[in-house]
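Comments concern the structure below.
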Amino acid sequence: MKKPVIQFENYSFQYRSQAKPTLNDINLTIYEGEKVLIVGPSGSGKSTLGHCINGLVPFSYKGEVSGRLKISGEDVRELDIFSLSKKVGTVLQDPDGQFIGLTVAEDIAFALENDYTPQTQMFNKVAEVSKMVEMENFLDSSLHHLSGGQKQRVSLAGVMVDDVEILLFDEPLANLDPATGKYAIELIERIQQETKKTVVIIEHRLEDVLHCPVDRIIVVDDGRIISDMTPDELLASPILEECSIREPLYVKAAKYAGCAITSDMYPARIDSFQVDDCKDKLADWFIKVNGPQPKVKTETILELNNIDFGYTSGKRTICGVSFSIEKGEMVSIVGKNGAGKSTLSKLICGFEKPSSGRIYYRGLDITEDTIKDRASRIGIVMQNPNQMISKQMIYDEVALGLILRGVPEAEIKDRVFKTLKICGLYPFRNWPISALSFGQKKRVTIASILVLEPEVIILDEPTAGQDFRHYTEIMEFLVELNRQGVTIIMITHDMHLMLEYTPRAIVIAGGTKLADDTAVNVLADSSIINEANLKETSLFELALRAGISEPKEFVDRFIAYDREVRQKWQ
Amino acid sequence: MAVEMLSYIDRQSPIHRLTGVTKLICFMIWSSIAMLTYDTRILVCLFLFSIFVFIISKVKLKEVAFVLLFILFFLMINNVAIYVFSPQEGVKIYGTSHVLFEIGGRYTITIEQLFYQMNVTLKYFTVIPAAILFIVTTNPSEFAASLNRIGVSYRISYAVALALRYIPDIQRDFRNISLSQQARGIDMSRKEKLTKRIKNAASIIVPLILSSLDKIEVISNAMELRGFGKNKKRSWYRARPFQKIDVITIILFVLILLVSFYVTLHDGNRFYNPF
Amino acid sequence: MKNNLLSIKTIVAIGIGAAVFVILGRFAVIPTGVPNTNFDTSYGFLALMAVVFGPIAGGLIGLIGHALKDAIFYGTPWWSWVLVSGIVGFLIGLVSKKINIEAGNFNVKKMILFNVVQIIVQAIGWFLIAPSLDVFIYAEPANKVYLQGMVAGGLNMVTVAVLGTLLLGIYAKSRSQSGSLIKED
C-alpha cells in the first residue's frame, strides 16, 4: 500500500477578489514517488491547484477555503508556509523572477541561508546538489551569463537543498527552446529516479512532457477535475479535445485518419505507439487530403546584406548575415536562446546600428535611417505587452503613434477605429487596458503598431505563455493580417508555430545564418536541429513508421488539414 | 546604452582579500573624517594614504577613469559656483584678507579664498579614491552580508542585495521600452518643447514602473516559498571570516580617526588656519 | 509574520524600488533647458512607492536608491542629499494609510492631500535640511547651497505633482475592479 502525500478532500477555493470559486470540490490523491502531470487551459484553475500544494494559497493569496488538504498526512490548516516549503519545493515558471541570488552558488544556498545553516554545511550541500543538476562548474557565475535552461537547473537545485518530499514544477517548459525543454524533462526524470521524490508537473505542452513517462495525468477545466487517468487511457479518450488542450501531433494525425486509438496501442509516446493497425488508414488519408497552397513569388521588400554587429567591440553577436524577405511573406527566425535572434530584429528596426553591411527596404538603403523613420515601414511588437503599454485607455494607446506624428484628429479617429476593428478590439474601445486579458493586451500592442500602417511587422515570441486556444486565436489573427498584405516576421523558439504558420524559416546559430529553407526541411535536417537546439517533430516519425514515402509532404498536409479544422472553433 | 557604471573588479590584492565588513567599516570611518575635518594637514595625509591604498589594490586608473573625469568636471563647476556665490567665504572663515589681486568689489581674489577652495577640493580628493575602491573591490554578494554583520537588519540588507541584483535587469527593460516607444515616434531629445518632453518621458516611465511592480509579486512569492524571513537570524553563503589583517586594518583606521579628531578639534575649530 | 513591520513584499518592494530609482535617476531625467537643472523623474516614482508601500519602504527606497545611484555612476554618495531623499520618501509615506490607494480610488480630495503633503515635505527636505547639512558637513557657502536646494526642491515638487499624481491615478485604477464594463457595437 503506497503512502498518500497529497490529499485533496472536497476542496474548494475562492480568491477574495473573485465572484466565483476558482476550485470546486476537488478530490485528488497523489501517492509517494508518483509522477503526475496536471494539464488544463488558462484560467482552468491548474495554477491555483499548484498554489494550494505549495501554500501560496491561502497564505499569500487570501481567500475562502472549504474542504480539506493534507500534505504528507498533515492538515495544511495546521501548518504555515515555511513548514510547507520544507515539504514542497516549487520551481516557478519565470526563471528571472525565481533567481534571487547574484551568483549560482548563492541562489542555490538561499533556502539554507534562511535556515541559518552554518557556512561549511552550506558549501557541502551546494556542491552536492549542483553536481546533481550539472551546474557544479558554474558556481561563481553571475546569472546574467546563464542561459534559460541553466537558470532553471539552478532553480531546481535551489529547492532540492531542502530535501523536500514533493517537487512541484509550474510550467517548466514555458521559456525554454525545444532542445533545452527536452533536456529539462529528462533531468526531472533522472532526479526522480535517483531520489524517489514525488513529482507534480503543471504544463500545457503535453507532448513535450510525455517525452519521459508519467504515471498519471490530471485534467482540470473550469475549476474541476475532469479526468484522472494514465497517459495511455487519456490519449485514447476524447477529453483533451473537449478541453482544447493540444494532443500529441502523432495521435492527432492518427485520429484525423480515422484510427480508433485505444490504450493498448500505448499512445503516450511516439516510440511506444503501435501504428501497425492504422497504417492503411494513414496512407489513405495522406492521399485524400490536400497540401498547403503554394505562395506566388512577389517583389523583395526587405533585404539584409552581410550584416555584422557586436554590443562590445571585439565581440561579434551577428556575423555576416544576409537574407531577403518578400512582400506578403510570413517568416520565422528561429534558434536557441541567445543565438542573436532578438539582436537581428533590433538591427532591422534601427534600435542598433550594424558595424558593417547594409539594410535595404524596397531597394532603398535604410541603414542610416532613424528609429522613427523606420517605424513607419517596419513595426516591432515586443514579447511582454506590459512593457509597451503606457496609456490607460485602449483608444489612447492605439492613437499614440499617430498623435506623435501630428496626424489630424479626424484621420486619427478613422484609422484607430479601423485598426481596432481589424484586431477585434472595437467593442472594447472605451475600456481601460487594465480590464483586458493578457492576450487582449497583446492585441492592443499589435494594434498600436498596425495603426502606423507598416508593411512589415516583427513579433518577438507572439504566443509565449499562451494556452492552445489563445495561441490559435493570436496566430489566426496574424494570418488574417498577412492575407491583407502585411509581411510578418516572427522570432520564436516554438517549433510548432514555425511549422504551422510560417512556410519559411531562417535559422540563426551563434550569430550566423545556419539555414534558410522551408520549415519542414529545416526540421528534417538533423545537423541543423542539433546546432540550433531545435527538435524533430513526431509527425515525421509517424509517417516513417506508417510507411509513407514522402514524410515531409505528410507533415505539410497534416498542418494544412489541422488548421482548417481549428478555424472552425474560432 | 554604453553608459559605464562602477562595478566589482575581480582581482587578487590585499585590499580585495579584506572582508567586506572591514572595508565597510573603514569606508565609513574614512567618510566621517573627510566630512568633518577641514584641517589641511590631515586632508593631505589622508589623500596621500588613499593614493597608496589605491596602488596596492591593483585597480587600474583606466578602469575608473570615466568616473574620475566626471568628478573632476563636477569639482570644476562647483568651484566656480562657490566663487561666484561667495568670493569672500575664505576671508570669513580665516578672519584675515591677503589680497592677491583686485578685480573690483567683492570678486577680489584673496589667498584665503584660494586656500579655502583648495581645501574643499582636497576633501573630495580624499574621499573619492576610498569610495571608488570600496565599490570596485567589494564583491556585491558579500556586501549584504557585511551590512548585516555591522548591525543592519538582515531584511534590509537583503533589500540592498536585491537592488544590486535587479539593477541590470531594470536597465535592460528601460532600454527596450525606450526603444520601442521611440519607434512609435517619441522624441526624447531636446528638440521637443518642455511639456511635451515630460509627457514623452511618462510614456516610457509608466510601462517601466508597472512592469516592475509585477516583478515584486513574482519575486516575493519565490522568496516566501524558499523560506525567507522565517528566522530571527540568517547566515550568508558569501560571508567571510575575519583574518588577522582585518583586525589590524580596523585598529589602524580607528587610530587614524582618533588622531584626525584630536588634531582637528584641539584648537576648537575644524579649519586649519595658517594665516 | 503578519505583525512584522517589514513583510517580504515590502522588502522586495524596497529592493526593486531602489533599483528602479537608480535607473530612472540616471537615465530618465528631463533637462529643463536651464543648464544643469533637470526634472528628476525618480522622485515621482519614489512618491508612488511611498504611498503604496508606506513610510519605511519610502524612506529606504530613497536612501538605498540614492546612495547606490551616486556610488555606481558618480563614484561617491553625496550623503547630505541621500539622507534627504530618504526623509522625503519616509514623510510622504506617512499619508499612505490615509490615502489607502489599494482601495482603488484616488479622488480630488486625496489628490489635494497628497500634493499638500508632498510640497510641505519636500520644502522641509530640500529647502531646509539638505542645504543645512551641506553647510555643516561640507562647509559650502550658505547662499550657494540654499539656492541649489531651492532649485532642486522646486523642480522635484513639480515632478512629484505631475508625475507622482499621474502614477497614483494609474495605480489606483489598476486596483479597482471594473464590473460595469459593457461591450459596445
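Remarks
- In terms of its Cα atoms, chain A spans 72, 60, 50 Å along the principal axes, sorted from long to short.
- Rounded FRET efficiency, nearest 0.05, which uses the C-beta distance separating A:Phe417 from A:Glu480 and R0 of 25 Å: 0.90
- Of the accessible area of the protein assembly as shown, computed with a 1.4 Å probe over protein heavy atoms only, carbon and sulfur atoms account for 57 percent.
- For the residues A:Met382, A:Met490, a 1.4 Å probe over the protein chains yields an accessible-area ranking, largest first, of A:Met382, A:Met490.
- With bins 5 Å wide beginning at 0, the percent of Cα pairs of segment A:99-163 falling in each bin runs 4, 21, 37, 25, 11, 3, 0.
- Based on alpha-carbon atoms, the Kirkwood radius and the radius of gyration of the protein assembly as shown give Rg/Rh equal to 1.00.
- In segment B:191-205, burial by the other protein chains removes 40 Å² or more of 1.4 Å probe accessible surface, compared with the chain on its own, from B:Leu194, B:Arg197, B:Ile198, B:Ile205.
- 1.4 Å probe, heavy atoms, protein only - residues of segment B:136-167 losing at least 40 Å² accessible area vs chain alone: B:Ser141, B:Arg155, B:Ile156, B:Tyr158, B:Ala159, B:Leu162, B:Ala163, B:Arg165, B:Tyr166, B:Ile167
- Under the combined filter of DSSP loop state and at most 13 neighbouring Cβ atoms within 10 Å, segment A:236-323 retains these chymotrypsin sites (Phe, Trp or Tyr not before Pro): A:Tyr311.
- Folded to 0 to 90 degrees: helix C:42-53 orientation relative to chain C principal axis, Cα: 50
- Summarising the amide proton neighbourhood of A:Val220: residues at separation of 5 or more, or on other chains, whose placed amide H is nearer than 5 Å comprise A:Val39, A:Gly40, A:Ile226.
- Across segment B:152-225, the volume of the C-alpha convex hull divided among the residues equals 113 Å³ per residue.
- A:Lys372, A:Lys70, reordered so the largest accessible area comes first (probe 1.4 Å): A:Lys372, A:Lys70
- When accessible surface is computed with a 1.4 Å probe, chains A and B are found to bury approximately 5100 Å² between them, both chains counted.
- Note, ³J(HN,Hα) from phi for segment A:114-125, Karplus 6.51, -1.76, 1.60, rounded to Hz, x at Gly and Pro: 5, 8, 6, 6, x, 4, 4, 4, 5, 4, 5, 5
- Stokes-Einstein D (µm²/s) once Rh is taken as the Kirkwood radius of segment B:29-84 over alpha-carbon pairs, at 4 °C in 1.567 mPa s: 98
- Based on the Stokes-Einstein relation at 25 °C and a viscosity of 0.890 mPa s, and on the Kirkwood radius from alpha carbon pairs, chain B is assigned a translational diffusion coefficient of 108 µm²/s.
- Sites B:Phe66 and A:Glu536, calculated FRET efficiency, Cβ-Cβ separation with R0 35 Å, nearest 0.05: 0.10
- Relative contact order of segment A:300-536, defined on C-alpha pairs under 8 angstrom at six or more residues apart (%): 27
- Integer Hz, Karplus 6.51/-1.76/1.60 couplings in order for segment A:311-326, x for Gly and Pro: 6, 10, 5, x, 10, 8, 8, 10, 10, x, 8, 10, 6, 10, 10, 8
- Loop GluC sites (Glu not before Pro), segment A:270-333 (other Cβ atoms within 10 Å of the site Cβ: 14 or fewer; DSSP): A:Glu299
- Top of B:Leu194, B:Leu48, B:Leu162 by mean-square fluctuation, Gaussian network on chain B, Cα under 10 Å: B:Leu194
- Globularity index of segment C:1-157 is 1.04 (Cα radius of gyration / 2.2 N^0.38 Å, N = number of residues).
- Average accessible area per residue (Å²) across segment A:458-546 - probe 1.4 Å, nucleic acids and ligands excluded: 31
- For segment C:1-129, the solvent-accessible area of protein heavy atoms averages 36 Å² per residue (probe radius 1.4 Å; ligands and nucleic acids excluded).
- The heavy atoms of A:Leu167 present about 0 square angstrom of accessible area, all protein chains included, probe 1.4 Å.
- Pairwise label distance in nanometres, C:Ile124 with B:Ser153, each label 7 Å out on the Cα-Cβ vector: 2.2
- Whole-Hz couplings from phi, Karplus 6.51/-1.76/1.60, listed for segment A:542-556; x for Gly and Pro: 4, 4, 4, 5, 7, x, 7, 6, 10, x, 5, 5, 4, 4, 4
- Surface accessible to a 1.4 Å probe, per residue, for the residues of segment A:216-354, Å²: 45
- Between B:Lys196 and A:His144, the distance separating the two model label sites (each 7 Å from Cα on the Cα→Cβ line) works out to 3.5 nm.
- Cβ-derived FRET efficiency at R0 51 Å, A:Ser549 paired with A:Thr195, nearest 0.05: 0.65
- Chain pair B, C: total accessible area buried, heavy atoms, 1.4 Å probe, Å²: 5300
- Within chain A, A:Cys52, A:Cys212, A:Cys243, A:Cys319, A:Cys349, A:Cys423 have no other Cys Cβ under 4.7 Å of their Cβ and so lack a disulfide-compatible partner by this rule.
The values are calculated or read from the model by the stated rules, or taken from the named source; none is laboratory data. Bear in mind that the values here come from a model prediction, so they are computed numbers and not experimental data. Virtual Cβ from ideal backbone geometry, glycine too; neighbours counted across all protein chains shown. When the accessible area is computed, the model is the full protein with side chains, heavy atoms only, and any ligands, DNA or RNA have been set aside. Shrake-Rupley method; radii C 1.70, N 1.55, O 1.52, S 1.80 Å.
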